[in-house]
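S.K.: First, the structure itself, so that you have it in front of you.
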Amino acid sequence: ARRVDARAWIGLGLLILAGLIWLDAGGWRGSGPTANPSLWPAVVLSALALAAAALLLHAGLVPVAARLYPAARLYPAAVCLGLSALLAAKALHSLYWITIWDSTYDPLAYILIVLPGLAAVLAGLALTLSLAGRARAIGVEYALLIPALLVAVSALGQRVDFRALTEARAERVRQAVEAYRARTGRYPADLRALGAWRRLTLAGPVILAGQDWCYRGGGDYYELGYATRAHWSDPRLAAQRYAAQGTPPDQPALCAAEIDAIRASDPAYHGASPE
């Protein structure tokens, strides 16, 4: 491994970051870990992937910076700060969406940032002790800035109305369906017909973990909606229809299959009749 060019480590670290961004496309698609304990591994692995990216970037930057330092002092510092800002932005982005999903269940709110905040303070203390002279101020600034950003992003996420966010996302899906009709003369039979890239940019509802849109269509009709519940502790699920056009043929109620799948996989909904 030591014979590998240091720039390869930087590239690998950026590749991991790109993978996390791709997985999070359209907003964090998971759910607050309180909603489903089985999702904790996804949260932990995302955090470990971010830490792995940081370690790989550091492993590559140290020799590269040492090689470039005599020739250009500013360049290594700018690269380090830029990559550090990228790491921080990705971490805050994940925190924002975890906070929003957490609000759909029994929310932990600011408890989610206790450990990250403590880690940031300890990291600032480590910087203060390891740096010399005026550079020690960086450690103090870090210990103040990062926890402040954590609090700000958490507060921002807690103010998001997840139901209004779901409605806004449903509107974008409706527009995509109507655009498809304008191009082809018929409604898509399935949302996958919109194309892989289009589907990637159309995020799902922010109501129940792992759920996608309820949709059926074709020819001159379509129905679009999502499974919902009145409150996080209410075991009864219902279909919320957002938009429809035309007259669909006789079929089971919208979201019937999706609701049955949820009830079959989650004990919290066993025996609860849909509204």
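S.K.: With the Cα gyration tensor of segment 111-266 in hand, convert its eigenvalues to equivalent ellipsoid semi-axes via √(5λ) and list them largest first in whole Å.
M.R.: Value: 47, 20, 12 Å, ordered largest first.
S.K.: Taking loop as defined by DSSP and a crowding limit of 15 other beta carbons within 10 Å, which trypsin sites (Lys or Arg not before Pro) in segment 196-259 fit?
M.R.: Arg236
S.K.: If amide H atoms are built 1.01 Å from N in the plane of the peptide, which residues on other chains or at least 5 residues away come under 5 Å of the amide H of Gly219?
M.R.: Sorted by chain and number, the residues that satisfy this are Tyr187.
S.K.: Go from 0 up to the bin containing the longest alpha carbon distance in segment 190-266, width 10 Å each, and give me the % of pairs per bin.
M.R.: 17, 48, 30, 5
S.K.: His231 versus Leu45, label points 7 Å from Cα toward the beta carbon: distance in nm?
M.R.: 3.5 nm
S.K.: Please give the FRET efficiency for Leu125 paired with Leu15, using the beta carbon to beta carbon distance and R0 = 30 Å, rounded to the nearest 0.05.
M.R.: 0.45
S.K.: Relative contact order for segment 121-271 using alpha-carbon pairs under 8 Å, separation at least 6, rounded to a whole percent?
M.R.: With pairs under 8 Å counted, the relative contact order is 14 percent.
The numbers here are math on the coordinates, done by the rules we state, and not lab data. Since we're looking at a predicted model, the values are computed, not measured. Cβ: placed from backbone, ideal geometry, glycine included. Neighbour counts: every protein chain shown.
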